[in-house]
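The values are calculated or read from the model by the stated rules, or taken from the named source; none is laboratory data. Keep in mind that what you see is a predicted model, and the values were worked out from it rather than measured. Using ideal geometry, Cβ is built from the backbone for each residue, glycine included, and neighbour counts are taken over all protein chains shown.
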Amino acid sequence: MTQHSPMEPTKVDVAVIGAGPAGMAAAVTASKAGLSVALLDEGQSLGGQIYRNIENGTPFRDGILGRDYVAGRTLAQSLRASDVTYLPRTTVWNISTDNMLDLSRDGSSSQLIADKIIVATGAVERPSPMPGWTLAGVTTVGALQILLKASGVVQEDAVLVGSGPLMWLVAAQMISAGTPPKAIVETTPKGRMAQAMPHILQALKGHRYLTKGLSMIRQVRGAGIPIYNAATNVRINGGEVAESVTFISKGKEHTIHSNHIALHQGVVPNQQVTRLLRCDHKWDASQHCFRPVLDGQGKTSVPDVYVAGDGAGIGGAKSAALMGRLVALAIAQEKGKALPERVDRLEAALASDGAVRPFLEAMYAPAPQFVKPAKETIVCRCEEVTAGAIQEAVDLGAPGPNQVKSFLRSGMGPCQGRVCGLVVASIIAERRKASMDETGYYRIRPPLKPIPLSELANFQPLEVAQK
């Protein structure tokens, strides 16, 4: 593997965006087929979010994070042994229609042309809008796990608020590290198990995940941590800093004092790049999110653009790696490069690994409070736009997120709608009694991430006569 060589390539067969399990697997497979590959990632090291800091593990940290995390080390090692050009600390801030990628790295911008682009940008945590969620001291459960993976540090006195497998996993990891959460406020509504049970027979095909999940929950419940089930009316209290969280559970109001509140309502595909490229998307009612429209081999509606991993729909690390290999094989075959790996076996493995997903999706669908927040709740954190203001804009004639953006500047802050986009669309759809597909999403424009004006001023475009 070549890492940020002095003369970076200006043209490659395949550019892979994201160095998580899907990106690494896709890059390695494409390289084995004899294709030139550039792997671009914003992080300092391989692994993405799920395998963050995977190459710098210690026995103590590996023991806390578990074997599923450690399994990522083999994938990272295979990447290191390949001919892939790996560019860490690299932000893709624009992609033009001729597959020209604009990159920012170490304070300077450059360009790269790719015959094929694989978007493997993974997932982001679903927003959890509630009163007080913008206060200092409020973070996400995923952020707590990043802290643990990156530095081995566990946040003390943290209250976990939310729902989903990741919340139980992080709680179990915190316990294993010797710093358990102060309390868990579980927001999964009553009756969800009954809704999930029709999927149990299919889920048993993925019994390893069910066994792991039950083991995590048993570990957390056995640790003596206060757990409040089916919590509603959740709000975070404080002036400038979070001081406590208040909620209703079993008909009683509870308040837990803490300056560290971590929220979680599951994860959704990161669609910023595919939206920038104007790929077709559709609403997935099971996963409660938008997904890019793909064929069976990860190809989008835009020529030469593919998606692999959780950016295509939430499936987890193993499925992400399988899909990365599948997409790379499709590209290799299109370019006339033969590989011994069989597509049908990858497809079968992918279906088997995803057998548990319908059960989990029914069990841990986001609670109504977080999909349809109260009027006074801030939805767009960057511009401090409330749910009520969005409803008023709709009443005045704004039919979708882009028109609401014009009215209120929602989605125009530094995050460019990554945090508020889904909630804004949900509020508009409910107000107009329209479907999510009819409502749509923000129109994403470059740069995808903020770029200093000084960097843009010194930007030297790559001169190419013909792609």
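Structure above, values below:
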| read-out | value |
| --- | --- |
| Failed condition for L79, given (1) surrounded by fewer than 19 Cβ atoms within 10 Å (Cβ to Cβ); (2) farther than 26 Å from N458 by Cα; (3) touching a residue at least 60 places away in the same chain (Cβ under 8 Å) | (1) |
| Residues located in region 166-187, provided they are touching a helix residue (DSSP H, G or I) at 6+ places or on another chain (Cβ under 7 Å) and outside any helix (DSSP H, G or I) | A177, P180, P181, I184 |
| Options F359, F370: the member that is within 30 Å of L214 (Cβ to Cβ), modelled with pLDDT under 95 and crowded, with 18+ Cβ neighbours inside 10 Å | F370 |
| Qualifying residues in region 280-317 (those that are of a type in the set (D, E, K, R), within 17 Å of the chain's Cα centre (by Cα) and buried (at least 19 other Cβ atoms within 10 Å of the Cβ)) - the one farthest from A25 (Cα to Cα) | R291 |
| T274 vs. criteria surrounded by 22 or more Cβ atoms within 10 Å (Cβ to Cβ) and either in contact (Cβ under 8 Å) with a residue 24 or more places away in the chain or more than 19 Å from S426 (Cα to Cα) (or both) | yes |
| Subset of region 380-422 that is more than 22 Å from Q265 (Cβ to Cβ) and acidic (D, E) - its residue that is surrounded by the fewest Cβ atoms within 10 Å (Cβ to Cβ) | D395 |
| Residues (hydroxyl-bearing (S, T, Y) and either modelled with pLDDT of 95 or more or in contact with a helix residue (DSSP H, G or I) (Cβ under 9 Å, 6 or more places away or on another chain) (or both)) located in region 86-108 | Y86, T90, T91, S104, S108 |
| Residue list for region 166-195, filter: closer than 26 Å to E361 by Cα, aliphatic (A, V, I, L, M) and surrounded by fewer than 18 Cβ atoms within 10 Å (Cβ to Cβ) | M193, A194 |
| Residues being touching a Ser or Thr at 6+ places or on another chain (Cβ under 7 Å) and of a type in the set (S, T, N, Q) - total across region 24-52 | 1 |
| Residues being more than 23 Å from T140 (Cα to Cα) and either modelled with pLDDT under 95 or of a type in the set (S, T, Y) (or both) - total across region 166-207 | 3 |
| Elements of type helices (runs of 4 or more DSSP H) contained in region 402-458, each with 3 or more residues being assigned by the TED database to the domain that holds M100 and at pLDDT below 95 | none |
| Residue in region 138-165 that is modelled with the lowest pLDDT, counting only those that are in a helix (DSSP H, G or I) and surrounded by fewer than 21 Cβ atoms within 10 Å (Cβ to Cβ) | S151 |
| Single residue of region 213-242 satisfying the filter (assigned to a helix (DSSP H, G or I) and either aliphatic (A, V, I, L, M) or in contact (Cβ under 8 Å) with a residue 60 or more places away in the chain (or both)) that is surrounded by the most Cβ atoms within 10 Å (Cβ to Cβ) | V220 |
| Answer from E42, E55 - the residue that is touching a helix residue (DSSP H, G or I) at 6+ places or on another chain (Cβ under 8 Å) and not β-branched (V, I, T) | E55 |
| Boolean, I146 is hydrophobic (A, V, I, L, M, F, W, C), touching a Leu at 6+ places or on another chain (Cβ under 9 Å) and in contact (Cβ under 8 Å) with a residue 12 or more places away in the chain | no |
| Residue tally, condition under 29 Å from E384 (Cα atoms), in contact with a helix residue (DSSP H, G or I) (Cβ under 8 Å, 6 or more places away or on another chain) and surrounded by fewer than 24 Cβ atoms within 10 Å (Cβ to Cβ), over region 109-129 | 1 |
| Residue match in region 48-66 (condition: closer than 15 Å to V16 by Cα, in the same structural domain as G20 (by the TED database) and either modelled with pLDDT of 95 or more or crowded, with 18+ Cβ neighbours inside 10 Å (or both)) | yes |
